[in-house]
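Shown next, in structure tokens, is the structure this report addresses.
Values in this text are rule-based calculations from the coordinates and carry no lab data. Note that this is a predicted model, so its numbers are computed, not measured. Cβ: placed from backbone, ideal geometry, glycine included. Neighbour counts: every protein chain shown.
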Ligand SMILES: NC(=O)c1ccc[n+]([C@@H]2O[C@H](COP(=O)([O-])OP(=O)(O)OC[C@H]3O[C@@H](n4cnc5c(N)ncnc54)[C@H](O)[C@@H]3O)[C@@H](O)[C@H]2O)c1
Ligand SMILES: [Fe+2]
């Protein structure tokens, strides 16, 4: 069977990547809309970018009202500034939220209408050029054909998916992630791990997505705890930035599956950060799928070195699940109760969450697609 493999047009990576990207950035346009959030301004990350833009004589406008739940309204605000101020390309700097907002703005600039019109629909017209500068490691959105935006009318986290959402230039400089606090490092790191594991166990996986997924998983098991406990370790931060990029490339060429399908409704309805809700779900979902994917999971155990000679296939498969549980425990991943959610309110919404998760299409990418009842019982098990 043949497969198409996609990556960003250009990736500039490593310490000093922003500086190295100057010549390429000059070719993308003359006036940028910078899409970001307030903390990127406070942390001086936007200044590092605007210093470079000033140096290469690119003018810019800044839209910084994105928060951790990007919505269709933020996309509309960004479009307004882009048009009114005569911008001709876009730069997103921040975590996945500003980067997804930037990509959604570009989608609507190129194709017209409302961002909510593009769920499950192709983008037929070209987009303005886009640059993604991630400051978390992370979502991998700098290398994905996806953008996740909450529809404020339906309270659903919409998944926009189209090759045109792949960024033209990804600038992956670990320097931007050094200020991420431990809780953000842990949640976003597990998001990247979830991307890579889901890409590997998805029914859409193929040889190239496997290559990137395995590399990302190894890197995350070796470096996430260090980045979490010693945030100023540039080596560990760089390894995690690379892993996030690799994981993004792997899942966008394969797919995410059950965890992401179930995670988005928790984010949309209860505002649990994306990485954290993935982390809460990851081990429960892996336990659920283990009997259907023993061969794939036991391979992963061998790859990351938790397989021991003489283990049966099923024990080898369980070994990677146990290693994932230990990693999450060492990162102090909270439960729903610890995060402050009310059990009764959560249970009232389980039916809607299971329906929305199935409708997103992601659970259907699991090798044995789960039923709505399966999802309901996994949601309930988060309180065990
Ligand atoms: N498009 C995709 O392929 C894709 C994949 C996975 C997740 N997502 C989406 O990405 C979003 C989550 O992104 P995220 O997890 O990166 O978080 P985020 O962008 O929401 O940021 C979380 C918090 O961390 C702060 N932060 C970010 N970088 C920092 C840094 N270097 N130093 C200090 N603080 C920093 C932000 O200001 C914010 O307060 C969700 O909406 C999720 O659905 C998209
Ligand atoms: Fe994710």
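Expressed as an acute angle from 0 to 90° and rounded to the nearest 10, what is the orientation of the C-alpha long axis of helix 72-84 relative to the principal long axis of the chain?
So the inclination is approximately 20 degrees.
Report the Cα-based extents of the stretch 20-148 along its three principal axes, largest first, to the nearest Å.
Per principal axis, max minus min of the Cα coordinates gives 39, 27, 25 Å.
What FRET efficiency, computed as 1/(1 + (r/R0)^6) with R0 = 51 Å and r the Cβ-Cβ distance, is obtained for residue 381 and residue 1, rounded to the nearest 0.05?
Approximately 0.90, to the nearest 0.05.
For n ≥ 4 DSSP H runs only, could you compute -39500 (n - 2.57) per run for the chain, divide by its residues and tell me the 222 nm figure to the nearest 500?
Calculated mean residue ellipticity at 222 nm is -17000 deg cm²/dmol.
Normalised radius of gyration for the stretch 191-340, please: alpha carbon Rg relative to 2.2 N^0.38 Å, two decimal places.
1.00
How compact and how long is the stretch 179-272, expressed as Rg and Dmax of its alpha-carbon atoms in Å?
13.4, 38
Quote to one decimal, in nm, the extra length available between residue 26 and residue 85 on full extension: 0.36 nm per residue of separation minus the C-alpha distance between them.
Stretched out fully, the residue 26 to residue 85 stretch lengthens by 19.4 nm.
Looking at the chain, send over the antiparallel percent of its DSSP beta bridges, to the nearest 5.
Given both bridge residues lie in the chain, the antiparallel proportion sits at roughly 25 percent.
Plugging the Kirkwood radius over Cα pairs into Stokes-Einstein for the stretch 111-180, at a temperature of 4 °C and a viscosity of 1.567 mPa s, what D comes out in µm²/s?
96
For the stretch 333-384, what does the relative contact order come out to in percent, with C-alpha contacts under 8 Å and a separation of six or more?
This gives 48 percent for the stretch 333-384.
Taking the mean number of other Cβ atoms within 10 Å as a proxy for protection, how do you rank 190-201, 14-25, 157-168 from highest to lowest?
Numbers: 190-201: 28.8, 14-25: 15.8, 157-168: 20.6.
Answer by packing, highest mean first, reads 190-201, 157-168, 14-25.
Could you work out how far helix 234-253 tilts from the main Cα principal axis of the chain, as a 0 to 90 degree angle to the nearest 10?
Taking the Cα atoms of the chain, the angle to 234-253 is about 80 degrees.
Label-point separation (nm) for residue 124 and residue 344, each offset 7 Å from Cα along Cα-to-Cβ?
Going from the residue 124 label point to the residue 344 one covers 5.1 nm.
Against the longest alpha carbon principal axis of the chain, how many degrees, from 0 to 90 and to the nearest 10, is the axis of helix 313-330 turned?
50
Among 297-310, 219-232, what's the highest-first ranking by average C-beta atoms within 10 angstrom per residue?
219-232, 297-310
Could you order peptides 341-351, 312-322 by the average number of other Cβ atoms within 10 Å of their residues, highest first?
Values: 341-351: 13.5, 312-322: 17.8.
Ranked from most to least packed, the peptides come out as 312-322, 341-351.
Average the reciprocal distances over every distinct pair of alpha-carbons in the chain, invert the result, and give the Kirkwood radius in Å.
On the way: mean 1/r = 0.0482 Å⁻¹.
Hydrodynamic radius (Kirkwood, Cα only) of the chain equals 20.8 Å.
Between the stretch 157-221 and the stretch 352-367, what is the C-alpha centre distance in whole Å?
Value for the Cα centre distance between the two parts: 20 Å.
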